[in-house]
Every structure is written in C-alpha cells, then in structure tokens.
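All remarks here apply to the structure that follows.
Please treat every number below as a calculation from the coordinates, not as lab data. Everything numeric here is computed off the predicted structure, so don't read it as measured data. Here the Cβ is made from the backbone with ideal geometry for all residues, glycine too, and neighbour counts use every protein chain on show.
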Amino acid sequence: MYKIFLVQTVFFCDVTFLFCGGFRNFIVAEAVKQIDFSGIANVAQKHERTIMKKNNNTDMRNIKNRVNLFFMTLFFCLVLIDAAQAKDGIETAGEILHLALPASAAGLTLVFKDREGFVQLSEAGTLTLGVTYGMKYAIDVRRPNGGDHSFPSAHTSTSFATAEFIRGRYGWSYGIPAYVVASFVGYSRVKSKQHHTCDVIAGAVIGMGSGYLFTTPYNGWQIQPLVGSSFYGIGLSCGF
C-alpha cells in the first residue's frame, strides 16, 4: 500500500511538473509573439542613422573650419608679401593701417562668432588680390618711383575690399571708419610715390566690387556706438 501511494505521488508530481512546464513555455511563447521586433529594429536603425548624421555633421564642420583657415591664411600671406618698406611717416602709417584693417575685420568676425562672415572676408580678399596681381602682370605700368607693376594698387584694393566687407556685413557705423582708413591708405600710396592716382582709383574699384560681391548683411546682434549732442553710449541691434 505504501509503495502504491509513493508511485502515485511521484506520478502526480511528474504530471504537475510537465503541466506547469508546458504552461510556462506557452506563456513565454505568447509573450514573444507580442514583442514587436520590427519596431525594435526601426528604433535601432534610427539611432544608428542619428549617430552617423552627427558624425557627418562634425566632419563637415571640421572641413569648413580648415577651408576657412586656409583662405584667411592665404589672404594675410598675400597682404604681407605685398607690403613695401616704409620711407616716411605717411607711408609708414599707410603700411600699418593696410595690415590693421583686415586684421580688425577678422577680429569682428571672431567677436560676433560670425563664421559665415569670416568666409566672406577671406573670399573677398582672395578674389581682390587675384584680380589685382593678374592685372599688375598683364598691364605692366611703371611706378612714379621707377618701379614696376604699378597698376592697380594692391594696398588700396585690399583695404577697400575690407572696408566694403565691414560696411556690407556690419553696417555703416563700422563701415564709415573703415572707409576713412582705406582712403588714407590710398592717399599714402600716392603721397609716397608708390602709385599713380589712377592706380589707386582702380584698386579701390576692384576692392569694393569684390567686397560687395561676396558680402551679405549680418543678422545677429550688433553693438553700435551712439553719440549725441549731450550723451555717449552703445546700442544693440539685431537683423532678422
């Protein structure tokens, strides 16, 4: 009797175990059926595309930064190559302002964090010097001091290209002082007998044309000086 009861108990436990195991497997199978594996795959694909897009954007920014740095370095190298030895006070002042003006324009792009303006400045400067030196060697005019390649004036063309960029990008409040400086640079070239008046005029036209061609107005916040009959101050403006 005891043996029969033991066998029945073992048999009952085995049946119960099999039933519970089968029911558990059924529950797991049904749960697996309810999982949307296609949705999980779509999420994974979207996440992967997002990561790839971020990497591509980072690569593009790095490429743009390198291109901008190249153009700006080229611009300043060409300006420095063109700089002549100063012989008097006016010529010395012209040389200094001729270098300070594009440096100031580049500084403005850094102050405003204006990457697009930085590119426009470098493009305008590169085109200006390309046209200027192309004409210098195509039209070999003797300088008043006896030198070669007088027409047009590179000092004047780069100065006016920078002035036009500053005016077109940041407005007349910055443009007027820039044009005053550029005009003095042109005057110093004639006064020091480095160029004829027509060389300076041609350089100014080339520079203004190049600056106008590449420059668009800046739409961010700008700081402008305010001067009245009884007050001084600064103003903020923003274009949209």
Next item on the list: Take I201, I206, I139 and order them by how many other Cβ atoms sit within 10 Å, fewest up front.
Entry: I139, I201, I206
Item checked: Footprinting exposure proxy for M208, M135 (fewest neighbouring C-beta atoms within 10 Å first) -> M135, M208
Checklist line | Virtual spin-label span in nm between T197 and A93, 7 Å along Cα→Cβ | finding: 2.0
Next item on the list: Please work out how much length the chain gains when fully extended from A100 to W172, using 0.36 nm per residue of separation minus the C-alpha to C-alpha distance, in nm with one decimal.
Entry: 24.0 nm
Note to self: In whole Hz and in residue order, list the ³J(HN,Hα) couplings for the range 110-116 that follow from phi through the Karplus curve 6.51 cos²θ - 1.76 cosθ + 1.60, θ = phi - 60°; x for Gly and Pro.
What the structure shows: 6, 4, 8, 6, 9, 5, 5
Check: Given a cut-off of 19 Å, what percent of all Cα-Cα pairs of the range 118-219 lie beyond it?
Finding: 39
Next item on the list: Work out, step by step, the length gained on full extension between D148 and L213: first 0.36 nm times the residue separation, then minus their alpha carbon distance; give nm to one decimal.
Entry: 20.5 nm
